[in-house]
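Structure, as structure tokens:
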Amino acid sequence: MADETPERVPFEAEWTHDLQHCSDPNRVVGGRGAFTAGQAQPMARRELRSAGRPPATGVQTERPPVRFSHDPSKEPSYYDVPMLKSPPWKWEIAWYFFLGGLSSGAYTVGRMAERFGGKEYAEISRTSAYTAMATFVPCPPLLIHDLGDPKRFHHMLRVLKPTSPMSLGTWAIMGYSGALTAEVARQWVLAHVPPKKRGALLRAGTATAEAIHDVPGIPLALTVAGYTGVLLSTSANPLWSKNKWLGPLFSASAIATGAAATSLALSMFGKRGGREESHAALEHIDTAAHIAEAVCLGGFLKEAGEKGNSLTKGSMKGHTAVMAGGLLASELLKLIPFRGTLRRITMMFSTILSLVSGFALRWAMVHAGHEAANDPRTNRLSSRRADV
């Protein structure tokens, strides 16, 4: 009797499915279809292996047809997922960027007014100090809420690394909070305590007090005003990466919003709405800062090139238009030759437009970074060699 040859059953193991030929390796394939960026989280690896696997029998069956939901109008990315992780920042960071820059800008304007204007611009120094404190108070809660755990902010203070914008900015915030608190206390004493009852340091002369206070205070405020832009430029996000105009852009916007907020607060809470000379000085500072901001914005967009499309052509193009339009309209209102009450009302609208423009800049810049990280073409432009 001839030996019966047993039927050969193909070898089947958990990993053999990964060795089978796939006609399109740049797609993640499963029995339920493919997934793309922006959809639900991908299936687990075990589900991907078992979804399209033939039954463990001797008969090979065809794989089920695969349907892709990829948008053909967009350039595909590797495995249909973004090349970069989108920044997790939301509304808290946009508000933190805006309020932190406004506070540091108002503080700087106030110190410059007292340094070079003396008693003539004393109301600017006092109002700017209170404005800076009022806008700085929400910043630590916003930052801690974005981190998700208060201990994370504390842990950043365990190390000082000057080469890291994040570490340097964290310590600058701590130092600036101390300088700002001291300035608010000093302004309150100067406004409410008679000269004979003031402390020895204040009785020694305002010039000495200003010098002691401004040596660390002004550099810390300028660091807080611009470090957020430098932080963005050191990231891998294609919209922000290696763009040297971001730091100056945020700094100029901080001075503009600080001067505008001080003028608005002086109109609302100052004695008789503030002196005309004080408002005129703040207008000049705001105008100079707007010119610098426009130049830096043009330099940023020119250097970004196509990588800035998410800011000018994406979902944030409306906010970008509000930013540019608010800046221009704020300056045009200053040219209207009104007098008296109409002049005050016009200037209040001008300061409000300046503040809206500054906020729109931060909001658009933060949220446009999400689109830039999720766009494969923008990512490829960012990684392309400069000489190509």
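Sorted largest first by accessible area at a 1.4 angstrom probe radius, with every protein chain in place, the residues Tyr121, Tyr107, Tyr227 fall in the order Tyr121, Tyr227, Tyr107. Here the stretch 148-197 has 69 percent of its accessible surface on carbon and sulfur atoms, given a 1.4 Å probe and all protein chains in place. For the stretch 340-347, putting each phi into the Karplus relation 6.51 cos²θ - 1.76 cosθ + 1.60 with θ = phi - 60° gives couplings of x, 5, 4, 5, 5, 5, 4, 5 Hz, in residue order, rounded to whole numbers and with x for Gly and Pro.
With all protein chains kept in place, the per residue accessible area of the stretch 134-174 amounts to 62 square angstrom at a probe of 1.4 angstrom.
Largest accessible area first, the residues Val366, Val184 order themselves as Val184, Val366 under a 1.4 Å probe with ligands, DNA and RNA left out. Relative to one another, the C-alpha centroids of the stretch 109-132 and the stretch 267-301 are positioned 14 Å apart.
Summarising the label geometry, the points placed 7 Å from Cα in the beta-carbon direction at Phe153 and Ala211 lie 3.6 nm from one another. Charged neighbours of Ala221, selected by a Cβ distance under 11 Å, balance to -1 (K, R count +1; D, E count -1). Computed over protein heavy atoms with a 1.4 angstrom probe, the accessible surface ordering of Arg272, Arg344, largest first, is Arg272, Arg344.
The values are calculated or read from the model by the stated rules, or taken from the named source; none is laboratory data. For clarity, every value in this text was computed on a predicted model and none was experimentally measured. In this analysis, Cβ positions are derived from the backbone assuming ideal geometry, glycine residues included, and neighbour counts consider all displayed protein chains. Areas reflect the complete protein model, heavy atoms only, side chains present, ligands, DNA and RNA absent. Shrake-Rupley method; radii C 1.70, N 1.55, O 1.52, S 1.80 Å.
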